[in-house]
Structure formats: C-alpha cells, structure tokens
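A short write-up of the structure that comes next.
The values are calculated or read from the model by the stated rules, or taken from the named source; none is laboratory data. Predicted model, so just to flag it, every value in this text is computed and none were measured. Here Cβ is always computed from backbone atoms with ideal geometry, including for glycine, and neighbour counts include all displayed protein chains. For the accessible areas, the whole protein counts, side chains as well, though only heavy atoms, and no ligand, DNA or RNA atoms are used. Shrake-Rupley method; radii C 1.70, N 1.55, O 1.52, S 1.80 Å.
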Amino acid sequence: IGKGISIASIGYLLSLRSLKVIPIKFDPYLNTNAGILAPREHGEVFLCNDGSETDLDLGHYERIIGCQVSKNNICTSGTIYKEIIEEQEEGKYLGETVQIIPHVTNKIIEKLKNLGKDNDVVLVEIGGTVGDIESGPFMEAIRQFKRKNPDDVIVALCAPILWVPTIKEFKTKPLQQAVQTMQSCGLQPEVLLCRAEKEIPSKILDKISALTNVPKDAVFEALDVKSIYQVPIEFYNRHVDDLIIDKFHLPRNGLRIHKYKDLVEKYVNCDDLTSVKIGILGKYDNCDEAYLSLKEAVFHAGVAANVKVEIEWISAQEIEQIKDHKAFCKIFDSIDGLIVPGGFDSKGIEGKIKGISCVRNKKIPFLGICLGLQCAVIEFARYVGLETANSQEFDPDTKYPVVHFIAGQEKLKKKSSNMRLGAFDCDISKDSLAFDLYKKKTISERHRHRYEVNDLLIDEKFYKEGFRITGRYLESNLVEIIELDRDKHPYFIATQAHPEFKSRLTAPSPLFLGLIEAAKNKKFANKEEEIDK
Ligand code: GLN
C-alpha cells in the first residue's frame, strides 16, 4: 500500500530541513533473519553496512532518505520475543511472569527511545495491516508511548480509497474501517495518507475528515505515481511536511528541493532519450522485487548518463537448455550491456558462464556482481585451458577450484553464519578501469558471500590473455575486483561486492555508471557502423 515509501518520503523532506531523522520498521512476523527469506516471495534481502540482512523497505529508506541503516532500524516480533526469552533464561525477570504487556511493549518503547537519543525525529513503520493479530503489541506500545508523550508522537495512517470503475465511484469504507480499527486500539490517526489511483474530489476528502475525526488539512491524497522518487515531491506540494513540522513545533527551516526535482524529472521523463538495453542474466523470473536494488542502481546510472535504460531479464535456467551455440549467442545480440548479478546455489550457473563467454567474445560491456564475478573467473579459467574449472559451491570435488571456500573467513566479522557480511575496504590498483571509475585508491562496498576467488590458480595463462586482478581486501589479500585489459575488451569488470546497495539517485554507483556509459558508446558505435554501410 506504500507505508515504507511514505515514511521514507516524509523522512527525506524533514532531512532537507536539516533535521536528523532515523527510520525503523517493526515487522510483525516471527522470522528473526531476513537473510533466509525467499527473495522470490519477499523481495530482495537488503544488506546494510554493518552486515545485517534486512527487508527491502530498508533499501527504500536508504535510497530516499539518504540515511544509513543497520540492524537497529528493523525489528520483527521474532527478534523481540527472542531477546526477551533469552533475557528470561539469563534470569533478568527473576520471579516475574513474562508477558506481552508490559515486557514486549516496553521492549518496543525502549527501541524507539534508543533511536531518539541521537536524532530529532524517529519515523516508525508498523508492517502489516491495522487489526492484524500480530501487530497488536506494536499498536499498544505506541498507544502507551503516546499517552506519556502526547506532543511528541504523531500517528499517521496510510489506507486505500478504492475507485470502482463499474459504478464510477470512490469507496471510502476500507479507509473508514481502518480508522475505526485503529481507534479501537486506542489510537486516533492525526494524519491520513489516502492512497488512490486518481485524484480524489474535495467533497470526498471532506467526508473522510468528518467521519474519521481527522482535520481536513491533515487528510492528504497520496496518489499513484510513475516512480517512487516522485512521492517526496507530491508530499512537498501538498505540505505534508509543513503539517508535521508545525505539529511538533519544530522550526520551519527553508527547504531546497529543486536539484532533487530535476533529477526525478530526468528519471521519469526519459522517453525521448537514447535508450540502451541492459540484459540481466539471473535466476529469478519475478525479477522486479528480487533484484530491487540492482534495478535501482541501473536506473540511477541511466539518469546520470542521460539515457533511457531498458532492462531485459534473461533467465539463466531457460537459456541453459539451448544446445545450439549460435542460437545461444544470438540472445545477446539485442543488448548493449550485460549484468550477471549475485546469487546462491547452482541453478542456471552454466547458462551464466556461457552467457559471459558470449559477451566477452562479442565485446559487449559486462558487469559481474558477486556470483557474477565468480562465474566470470570460472569462464576465463575454462577459456585459458582449465576446462573443468568450477566453484566449490557447485562442484565440491572440482579439479580446478578457481572459486573456493576459505574456512575461518567468517571470523573477519563477528557473525554467527559463515558468510562474509557487511562493508569491507578494497584497495584498487592504479592504472586500472576500476580506478578510473571510482577515482579512489580505497573504496568500501557491502559483501554477502561465502566463496572467494582462489588466486593460487590464476597464473601467467590468465594474465597473458588480459585478465587482471585490480582490487583486493588487503587484510587477507582477498580478490575483490577483476577486469580485462581495455585493449581486449571495452568494458569487462566484476566485483565480489554488491555495489548496488550503495547506489543513490543523487550518487550512482561508479561500476554501474561505467557500464551504462560503455553500453551507450557501443550503441553509438553500432549506429555509426550502420550509417557507414
Ligand atoms: N553464492 C556465492 C557465494 O556464496 C555468491 C553469493 C552472492 O552472489 N551474493 O560466495
């Protein structure tokens, strides 16, 4: 329905007024680790700098607000219950009966207060729908907190107004009932964000105000827009932020939104620009949410490069079935650049490796991300003669484990799983494509993987063909970035990290920008060739 985007948009507008804002998402489900939720069902796992594997809404927070989030910005019922049960086992509640009220509600309030210590405004999103059994403790915690601090809490409700095309009427009943349910939790919404697909007539907004006890100036239309980045502008135009600022008695500092507006304009109205087609050769077919940050990073780069980017999702498992080499390679003729994204397990691996071989030979710009880098290394190893080269993830007994598991790796970060998680520094060699893109010797990107390049197997054969290792994690000399010499390929680069998580509309990721620029050059070169013919 758009709670996450609404919170993020309000957060961005408040941050533009020089307020320190921090979001938190309370998710009523019982999982304690979003890292093991299926991306096909729940969307991508968003990875934070501190290595926390979280919900994709946190990605929206980072991208729209421009803040940096961590495990402190997401909390599920599961994590709260787990903490309390552990405390109880350690003897913290000696003799007491441990209950939802007050123990769970106090824990929720404690989390809010902790975030409030270093920030001006804490933006709280309660996941699910008001009235869900699971979200009850969160509503109750907010009620208690608001009762003690009435002027410091604003309760907002995001609810749909339905347009029923058959009778050409808006229906406000679902919204009214959501308000009533909220009232039955002891909470009166003070701001209504009415989600609708088209403009709501003023008299309907009047009616909503009269029936819900929310003053008319706090009943806002929140209409569908082409891009989520437009939502802050919509809220700004409707003065949602002014209302919040006034309610909290905060200073109405000036706000500059022009630069942002220009960028969003470019993002939304790119239809007249040259278009480049980027293939994403991955595992999921419901790709939009499973690769959300990746898709965003591609579009951010498109805005910066002044092109319209079209994404073509290519299913690695499907193309793997094509036995005829020519027919296989033809798939890549229509794209101007290829990304092989991160992933786990062996599904579609051979399709990815073969795809990389095609774009290497056809000199189509290529960016490999995490698993994409590992596949690129396997492909190159096979090309230079290590025919059965593989990753130990897919063939534990491979004769040439050019990608392997290093035990003890997980100790680099205190985490219970055996994954290398979170932000790590990478030292970039001067005189490399990577250095030209990042324009820095030391960079930091986020990681989420178990396997590493086995550089003991990378020798003269590789280097003679133009393979280069141009980024390393110095502490343990791990391979971070590989590329091909520019006289061998115009743009062939891969990273063990996930640069997509740090890309912003206002600051695109250098590797993505490089890919789009290279794709644009390829497209123009092709056009010139056609004209010459
Ligand atoms: N499966 C690979 C690994 O664990 C790559 C992971 C990824 O792409 N995030 O190393």
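Counting only protein heavy atoms and a probe of 1.4 Å, the accessible surface of the chain is 50% carbon and sulfur.
How many Å² of accessible area per residue for the chain, probe 1.4 Å?
On a per-residue basis, 46 Å².
Relative to the compact-globule estimate of 2.2 N^0.38 Å, the Cα radius of gyration of the chain comes out at 1.07.
Which angle from 0 to 90°, rounded to the nearest 10, does the C-alpha axis of helix 292-305 make with the longest principal axis of the chain? Long axis of 292-305 versus the principal axis of the chain: about 70 degrees.
The angle separating the long axis of helix 136-148 from the principal Cα axis of greatest extent in the chain is about 60 degrees.
3J(HN,Hα) along the range 118-129: 9, 9, 7, 9, 9, 9, 10, 10, 9, x, x, 10 Hz, from the Karplus curve 6.51 cos²θ - 1.76 cosθ + 1.60 with θ = phi - 60°, whole Hz, x for Gly and Pro. For the range 247-263, the Karplus equation 6.51 cos²θ - 1.76 cosθ + 1.60, evaluated at θ = phi - 60°, returns couplings of 4, 7, 6, 9, x, 7, 4, x, 9, 9, 10, 4, 4, 4, 4, 4, 4 Hz by residue, with Gly and Pro reported as x. Per residue, the chain reaches -11000 deg cm²/dmol at 222 nm when only DSSP H runs of four or more residues are counted, each adding -39500 (n - 2.57).
Binning the alpha carbon pair distances of the range 451-522 at 5 angstrom intervals from zero yields the distribution 3, 14, 21, 22, 19, 13, 7, 2, 0, expressed in whole percent. Between Asp224 and Gln188, the distance separating the two model label sites (each 7 Å from Cα on the Cα→Cβ line) works out to 3.4 nm. Per-residue 3J(HN,Hα) values for the range 392-398, derived from phi via the Karplus relation 6.51 cos²θ - 1.76 cosθ + 1.60 with θ = phi - 60°, read 5, 5, 9, 9, x, 9, 4 Hz in sequence order (x marks Gly and Pro).
Taking a ≥ b ≥ c as the square roots of the eigenvalues of the Cα gyration tensor of the range 252-306, is the shape rounded (a/c under 1.5), prolate (a/b larger than b/c) or oblate?
Oblate, since a/c reaches 1.5 and b/c is not below a/b.
Over all pairs of different C-alpha atoms in the range 1-63, the reciprocal of the mean inverse distance, the Kirkwood hydrodynamic radius, equals 12.8 Å.
Of Lys117/Lys259; Lys330/Lys527; Lys25/Lys502; Lys3/Lys226; Lys117/Lys502; Lys171/Lys259, which ones are farther than 28 Å apart at the Cα? Flagged as over cut-off: Lys117/Lys259; Lys171/Lys259. Under a Cβ-Cβ cut-off of 11 Å, what is the net charge of the residues other than Ala297 that fall near it, where Lys and Arg count +1 and Asp and Glu count -1? Counting the neighbours of Ala297, the net charge comes to +2.
Under 5 Å from the amide H of Ser275 lie the amide H atoms of Lys308, each residue being 5 or more positions distant or on a separate chain, with H modelled from the backbone and absent for Pro and chain starts. Helix 77-89 and the longest principal axis of the C-alpha atoms of the chain enclose an angle of approximately 80°.
How far, in nm, would the chain grow between Lys399 and Ala327 when pulled straight, counting 0.36 nm per residue and subtracting the alpha carbon separation?
On the way: separation 72, 0.36 × 72 = 25.92 nm, distance 3.01 nm.
Here the answer is 22.9 nm.
Applying the criteria of a DSSP loop state and at most 16 other Cβ atoms within 10 Å to the GluC sites (Glu not before Pro) of the range 433-501 yields Glu465, Glu475. Rounded to the nearest angstrom and listed largest first, the equivalent-ellipsoid semi-axes of the range 368-471 from its Cα gyration tensor are 23, 21, 10. Shape of the range 164-250 from its Cα gyration tensor (a ≥ b ≥ c, root eigenvalues): rounded if a/c is under 1.5, otherwise prolate when a/b > b/c, or oblate? Because a/c hits 1.5 or more and a/b fails to exceed b/c, the range 164-250 counts as oblate. Estimated translational diffusion coefficient (Stokes-Einstein, Kirkwood radius over Cα pairs, 37 °C, 0.692 mPa s) of the range 193-334: 172 µm² per second.
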